[in-house]
Amino acid sequence: MRYQYPFRGKMRVTCVYGKPGKWSAGWHIGSDIVGGDNKTIYPIAEGVVESINAHGKAYGNHVCVKHPDGNVSLYAHMSKVSVTVGQSVGLDTPLGLMGATGNANGAHLHLELHQGAYKYPRGYKPKTAPWLLDPVAWIEDHIKGDYQVSKLTIIKDGQPVEVNAVNIDGSNYFKLRDLAQLLSKTDSRFSVSFDEQSNAVTVVSGKEYTPVGGELARGRDQSKTAVVSKQSVLIDGKAADGLSVYNIGGNNYFKLRDLGDALGFTVDYDADSNTAIVLSKGSTAVYQNAFEKLLKDVNEKRRADMAREESFDGFEAYLQHHRGEVEITQAEIDSLKNLNNPGKAVLTRAEALEDVDLFFRALHYSYGAYYYFGEETFQKAEDAIRAELASYQTIKWDQLVSLIYSHLLFVRDGHFSIAGRYEPAFEKSVQYLYYYSGQSFGKDESGYYLLGENEKWYYTSCGNANVEMQPYLEKSGRVCYSLRQFCPATAAHTADSITLTKGAETKTVSVTWSLSQSYLEDGSQVPDYHYLKSNGIALITIRRFDWNYEETMDEFVRTGSDLKNAKLIIIDARSNSGGDEDFIKNWLKSYTGEEPEQKTIISNWGTAMFDRTQAYADLGEEFAAFRTGDKDYELFQGKLLENSTPILLLTDSMSGSAGESIVTYCRTLDNCLVIGGPTRGAQLVGNVRGWTLPNSGIGFQFGQSFHFIYNMENVDGKGYESDLWCDPKTSLQAVLSMVERYDLGSDEGVAALRAQLPNILTK
């Protein structure tokens, strides 16, 4: 059976098996190992978890695994245990994290290997305890595996090269002399020699390599197996610990990234195209992984948007607010404010006409989008309602509601409602996102190609003109591309077909569309607010910006200062229903030190029916002088704020109103990615309040200020598109996987966030 080391990547042995000392057995009965970049511990072979914390407090948190060959391995001093007794574990099953629990000086793994049942060797010497094995030596003797010629593409200093790579257990390895030849004549050159007497490979950095013949030859070595090399490796005269080296047919194969770390050249990997990137010292070639490329593209687009001067021409007509005399009295306004008025179940025609008249005058003098939808349009609607009422002597409450509602279907406003019936035209105008869930695509200089194929098949066309290719985040955390389309609710969503090409070959693939659903589509209950920061990664989940939760809102604002030293910020604003956007502005000001400013025209919300100066004065002394200007509008040209910390902002189709304002203002920051589904599209108006008609008691609400947000194009019902599309149902989990895949934050930080997911995702 096959064995492996307990850590991925770099590791070092800090105390060897058999060393005499002050341990209770009188000698070291295992090996102490420190993991490098990754602290996750894996089983050294497949098996079943036999026990947890069963062998004394000195071991701290520890796990025993029984293997098929009868051996038992013990893993001690763990900071966290991730398995349970009786669980079957494979080579890729995390057992837990390296730690310093029990009798330990510093974080490390104490690894033991027993033949047969666990037996502590008290009173025995190493030679008289044959059931106890040297774990590192045993692993080295039992690591082997089949290998395959790798299909990896190699880019060296921006140019493709031919190098014979092999794949062993999912990792790519290269012949040492091939790499020496590859990097000759560069600042990363190194020589290679072999000393038979000491059985040592010697590498000298900075020295030109002398070829021996056969370098960079294509093809497979005759040996069918790869075994751990027994030869020592010296780099610049020092033993190179932690290198993963296999011997195949007498040749040593090194893991590329390990050698790069040891010799100082840069190695990167693009999973989308299965490409290894090698950058020598002093190289001017630049390579960015899929995440970095996306972030760079988004930043460049945002800077271009902010740099463009916007014209105010044509918007004056939307921003009238009748500061002079108006045809509505204070007594009428007071009657509209009586929200507890039950009204009449049956009205006379005269009473209904009075309510209709007051309703349309209220809209005329205070509805922020009145002129946006058109004064003539509203007048035609009122005339039509009056004409229909002429045929009634009396009219029931629900009949009047339906009559008014039916003539206002042109109002495409996510905040507008009549008797609790929202958005007369809004739902019909909502654009639903459908996506192709079958396969993902990569991108290179030739176009978009299917991932997961042995050969690249390039996307050329789709019969549906609405289909577009957009950045996509898989559940695995991989940034790639996917096909999607926006359709109204009434559209038929049938299967389409796409055309793919490979050279002169063409094939057609059937596409079935999946509907993007919001995070809380099923009515699940989740906490309104949650804040966690661990190892430089911060997560904020927030579902509303509501004055009724002032203490929570104040806490949210204060986190801005705490996040200045964060390495990564995740904000989960999925299904955020809105509230007061001032909380968002204050949070960003706390975080950046500057007031955020998006490209926006906002009408003054002091209207005939609402005095904003008095309204803020009523809130308290600190608000008395707030927003008291006399301008009919405010024009913001926008500014892009510096921000070096990546911010990942999660949204979905239920993120609306102030739940979209967080997108509005976070998009004024460098390095902010909006991830998930498109927002609701409910920012046409602001400063929403309700009113009640005096005779019928019909309630209605509207916003008193008009907002035109340039990069949103004011399309209520569609909202902001995300920078990176992802299924909102699982976008937080996908983002955490992305953090791991692209090394955006520490493993410990991700583990802490994952441990909190049950508290964040359920209530």
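The values are calculated or read from the model by the stated rules, or taken from the named source; none is laboratory data. These numbers were taken from a predicted model, which means no experiment stands behind them. All Cβ positions, even for glycine, are placed from backbone atoms using ideal geometry, and neighbour counts span all protein chains on display.
Tell me whether segment 8-26 contains one or more residues that are outside any strand (DSSP E or B), crowded, with 22+ Cβ neighbours inside 10 Å and touching a strand residue (DSSP E or B) at 6+ places or on another chain (Cβ under 7 Å).
yes
Going residue by residue through segment 198-217, is there one that turns out to be at pLDDT 90 or above and basic (Lys, Arg)?
Yes, the conditions are met somewhere in segment 198-217.
Just give me the residues in segment 657-697 being modelled with pLDDT of 95 or more, buried (at least 24 other Cβ atoms within 10 Å of the Cβ) and in contact with a Gly (Cβ under 9 Å, 6 or more places away or on another chain), in sequence order.
Across segment 657-697, the qualifying residues are 693, 696.
For residue 91, state whether it is more than 20 Å from residue 122 (Cβ to Cβ), surrounded by fewer than 18 Cβ atoms within 10 Å (Cβ to Cβ), in contact (Cβ under 8 Å) with a residue 40 or more places away in the chain and assigned by TED's automatic domain parsing to the domain that holds residue 113.
yes
Search segment 575-593 for residues that are farther than 16 Å from residue 649 by Cβ and pair each with any residue that is of a type in the set (Asp, Glu) when their beta-carbon atoms are under 6 Å apart and the residues are at least 6 apart or on different chains.
Final answer for the pair search is 579/546; 589/595.
Hey, can you tell me all the residues within segment 324-351 that are over 52 Å from the mean Cα position of the chain (by Cα) and not in a loop (DSSP other than H, G, I, E, B)?
Scanning segment 324-351 gives 331, 346, 347, 348, 349, 350, 351.
Output the residues belonging to segment 169-213 that are in a loop (DSSP other than H, G, I, E, B), within 21 Å of residue 255 (Cβ to Cβ) and small (Gly, Ala, Ser).
Of everything in segment 169-213, those that are in a loop (DSSP other than H, G, I, E, B), within 21 Å of residue 255 (Cβ to Cβ) and small (Gly, Ala, Ser) turn out to be 170, 184, 188.
Can you confirm whether residue 51 is crowded, with 22+ Cβ neighbours inside 10 Å, assigned to a strand (DSSP E or B) and of a type in the set (Gly, Ala, Ser)?
So residue 51 fails the test.
Do the conditions hold for residue 91, that is, is it within 15 Å of residue 6 (Cβ to Cβ) and assigned to a loop (DSSP other than H, G, I, E, B)?
yes
Pick from segment 551-574 the residues that are basic (Lys, Arg) and touching a residue at least 60 places away in the same chain (Cβ under 8 Å): which of them is farthest from residue 520 (Cα to Cα)?
Here the residue is 567.
Would you be able to say whether some residue in segment 750-762 is more than 20 Å from residue 519 (Cβ to Cβ), touching a strand residue (DSSP E or B) at 6+ places or on another chain (Cβ under 6 Å) and either part of a strand (DSSP E or B) or in contact (Cβ under 8 Å) with a residue 60 or more places away in the chain (or both)?
Within segment 750-762, one or more residues are more than 20 Å from residue 519 (Cβ to Cβ), touching a strand residue (DSSP E or B) at 6+ places or on another chain (Cβ under 6 Å) and either part of a strand (DSSP E or B) or in contact (Cβ under 8 Å) with a residue 60 or more places away in the chain (or both).
Identify, please: which residue in segment 287-331 is over 27 Å from residue 668 (Cα atoms) and modelled with pLDDT under 70 and is, among those, surrounded by the fewest Cβ atoms within 10 Å (Cβ to Cβ)?
Among them, the one singled out is 324.
In segment 483-521, how many residues are exposed (fewer than 11 other Cβ atoms within 10 Å of the Cβ), modelled with pLDDT of 80 or more and not in a strand (DSSP E or B)?
Result for segment 483-521: 2.
Considering only segment 108-139, how many residues are under 46 Å from the mean Cα position of the chain (by Cα) and among the charged types (D, E, K, R)?
2
Could you figure out which of (1) hydrophobic (A, V, I, L, M, F, W, C); (2) within 14 Å of residue 415 (Cα to Cα); (3) out of contact with any helix residue (DSSP H, G or I) (no Cβ under 9 Å at 6 or more places or on another chain) isn't true of residue 752?
Only one criterion in (1) hydrophobic (A, V, I, L, M, F, W, C); (2) within 14 Å of residue 415 (Cα to Cα); (3) out of contact with any helix residue (DSSP H, G or I) (no Cβ under 9 Å at 6 or more places or on another chain) is unmet by residue 752, namely (2).
Tally time: how many residues in segment 97-114 are crowded, with 17+ Cβ neighbours inside 10 Å and not in a strand (DSSP E or B)?
Residues that pass the stated criteria total 4.
Quick check on my filter: what residues within segment 7-56 are farther than 29 Å from residue 255 by Cβ and basic (Lys, Arg)?
22
Do the conditions hold for residue 456, that is, is it within 23 Å of the chain's Cα centre (by Cα) and among the basic types (Lys, Arg)?
It is false that residue 456 is within 23 Å of the chain's Cα centre (by Cα) and among the basic types (Lys, Arg).
Mind checking which residues of segment 636-656 are farther than 17 Å from residue 298 by Cα and surrounded by fewer than 24 Cβ atoms within 10 Å (Cβ to Cβ)?
636, 637, 654, 656
Can you say whether residue 385 is in contact with a helix residue (DSSP H, G or I) (Cβ under 6 Å, 6 or more places away or on another chain), touching a residue at least 12 places away in the same chain (Cβ under 8 Å), in a strand (DSSP E or B) and buried (at least 18 other Cβ atoms within 10 Å of the Cβ), as far as the supplied structure shows?
no
Just to be sure, is residue 574 surrounded by fewer than 18 Cβ atoms within 10 Å (Cβ to Cβ) and among the basic types (Lys, Arg)?
When the stated conditions are applied, residue 574 does not pass them.
Given the criteria in a loop (DSSP other than H, G, I, E, B), hydrophobic (A, V, I, L, M, F, W, C), assigned by TED's automatic domain parsing to the domain that holds residue 72 and buried (at least 16 other Cβ atoms within 10 Å of the Cβ), does residue 117 qualify?
In short, no.
Which ranges mark the strands (runs of 3 or more DSSP E) fully within segment 236-284 that have 3 or more residues being over 18 Å from residue 203 (Cα atoms) and modelled with pLDDT of 75 or more?
Per the criteria, 275-279.
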